[in-house]
Amino acid sequence: MNSVNSAIVLVIDRLGAGYLGPYGNTWLETPGFNRLASQSLLCEHLLANSPDLAIAYRSYWQGGNETTSLPQLARLAGCHTVLVTDDEAIAQLPGAADFDELHLVKHEPAKRPAEEIEQTSFIRLLDAALAQLEAWKETDRPQLLWIHARAMNGSWDAPLELRQQFADEDDPTPSESVEPPQQLLAKDHDPDELLQLAHAYAGQVSVIDSGLQAILHAIDELPQRDSLLFAVTSPRGYPLGEHLRLGECDQALYGELLHVPCCVRFPHGEGALLRTQELCQPADLFATLADANGWATDETTQLQSLLRIVRGEPAVSRDVLLAAAGQQQLVRTSAWQLRVVQNDDGEQFELYAKPDDRWEFNDVASRAGDIARQLAELAKQPVSGGLAEELTSPWR
């Protein structure tokens, strides 16, 4: 993989890993994601380092450092680079101007669900991206196409039939609202309302899965298909009542907000059907793209590329992930997840055993205070061996 390859990256905002078949969802069919996962390296434990888009993209495009941006690296290697998005915030980020072309698809907030899937904002965005892929058939020049979809951070405009397919006979009628919900819930909230929202969100995921299938089909038609890297991920998830949060709300750092999908389909079929249990973060995508596509420099080789997993190369695995938002910090090891909240009374800890407590329902901080305090120290110092290694053994 030393030659310069082409690459497509699809970033789908607010897509949580828990709603996809490859991540264990059994009630929502996602054949597009299932197919992609069967051809890809799948990261089981990629956590966003922040729910802030600007921070996420600093990781995607610069590896979290003050380095040459990803589109600049691609251009230096001879690639033509294109950014397609329906989110003005992405078009204004540092690094967006480094692309050769920027195509901003106007986002029209929906007033009601679409009549047909082709009328949804996600599919309209993909139409613009597919037009770019059509042009690839006429050139031998390596290409980088970066697609950022507003997705569930915009209007929930999936056709009603896609919501209704998930409702059983005794379930409430799916909501027709297109506004993404944003609120804290009371402890005695109506579970039927959450079920309606879950069905609405699932309808959006169905639209995305349909669009993904269209992209996979278009890639199959490209002359560059065998030497093409295709990655799909999300910068953040969408809470749907877990921990009494709906939507962005107060950005509470739990798995439903931070645990996101990441599938990387490497050129020539390498890495197909691999699933890594390593702790991954958004900056790994930057390093992987540079490494796999021949864009690497001395700067990028200092970062952690997922390609080493595909190659079976020995390397030191990351033992700690950190995330932050406002007055909160999160520390994740292979065995623990700690949420720290700063308030007027000092620090409040929530501690969950991982990976057993997948949905973070059982806070054990009161029973393992020493572990919680030691983990909290990791958020205050550079992460390197020692204490981190002591905290990666499962607690019983």
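The values are calculated or read from the model by the stated rules, or taken from the named source; none is laboratory data. On a predicted model such as this, the values are computed, not experimentally measured, just so you know. A quick note on method: Cβ atoms are made from the backbone with ideal geometry, for glycine too, and the neighbour counts reach across all protein chains shown. Accessible surface areas use protein heavy atoms only, side chains included; no ligands, DNA or RNA. Shrake-Rupley method; radii C 1.70, N 1.55, O 1.52, S 1.80 Å.
Pick from Glu313, Glu29, Glu176: which residue has the top mean-square fluctuation in a GNM of the chain where Cα pairs under 10 Å get a spring? Sorting by GNM fluctuation, first place goes to Glu313. Per residue, the solvent-accessible area of the chain (1.4 Å probe, heavy atoms of protein chains only, all protein chains present) comes to 43 Å².
Positive-end ranking of Thr139, Tyr57, His243 along the dipole of the chain, with charges on Cβ about the Cα centre, is headed by Thr139.
What is the dipole size for segment 1-87, taken about its Cα centre, with +1 at each Lys and Arg Cβ and -1 at each Asp and Glu Cβ, in debye to the nearest 20?
On the way: 4 positive and 7 negative charges, 48 e Å.
Using Cβ point charges on Lys, Arg, Asp and Glu, segment 1-87 gives about 220 debye.
Among His189, His80, His199, which one moves the most in a GNM of the chain with springs linking Cα atoms closer than 10 Å? In this elastic network of the chain, the residue with the biggest mean-square fluctuation among His189, His80, His199 is His189.
For segment 177-187, putting each phi into the Karplus relation 6.51 cos²θ - 1.76 cosθ + 1.60 with θ = phi - 60° gives couplings of 5, 10, 8, x, x, 9, 5, 7, 9, 6, 5 Hz, in residue order, rounded to whole numbers and with x for Gly and Pro. Think of the chain as having a plus end and a minus end, set by charges on the Cβ of Lys, Arg, Asp and Glu; of Pro181, Trp336, Gly24, Trp336 sits farthest toward the positive end of this dipole.
With helices defined as uninterrupted DSSP H runs, which ones in the chain have an alpha carbon span along their own long axis of at least 18 Å and mean Kyte-Doolittle hydropathy of at least -0.5? Spell out each step's value before the answer.
Values: long enough: 121-136 (24 Å, 0.81); 191-220 (43 Å, 0.46).
Qualifying helices: 121-136, 191-220.
In segment 34-159, Cα pairs under 8 Å separated by at least six residues give a relative contact order of 27 percent.
How far, in nm, would the chain grow between Asp100 and Glu116 when pulled straight, counting 0.36 nm per residue and subtracting the alpha carbon separation? Additional length available on full extension: 2.4 nm.
Taking Leu73, Leu330, Leu185 as the candidate residues, the one with maximal mean-square fluctuation in a Gaussian network model of the chain, Cα springs under 10 Å, is Leu185. Basic side chains Lys and Arg get +1 at the Cβ, acidic Asp and Glu get -1 at the Cβ, and with that the dipole of the chain about its Cα centre reaches some 1060 debye. Secondary structure note: in the chain, about 50% of the DSSP beta bridges are antiparallel.
The alpha carbon gyration tensor of segment 211-307 gives principal lengths a ≥ b ≥ c with a/c of 1.5 or higher and a/b no greater than b/c, which makes the shape oblate.
Applying both filters, DSSP loop and at most 12 other Cβ atoms within 10 Å, to the GluC sites (Glu not before Pro) of segment 212-291 gives Glu221. Sparse packing (at most 12 other Cβ atoms within 10 Å of the Cβ) combined with a DSSP loop state is found for the following trypsin sites (Lys or Arg not before Pro) in segment 113-153: Lys137.
Could you size up the charge dipole of segment 84-158 around its Cα centre, putting +1 on the beta carbon of Lys and Arg and -1 on that of Asp and Glu, and report it in debye to the nearest 20? Before the final figure, lay out the partial values.
On the way: 7 positive and 15 negative charges, 43 e Å.
Rounded to the nearest 20 debye, it is 200 debye.
Placing unit charges on the Cβ atoms of the charged side chains and taking the dipole of the chain about its Cα centre, the candidate lying farthest along the positive direction among Leu104, Val207, Ala167 is Leu104.
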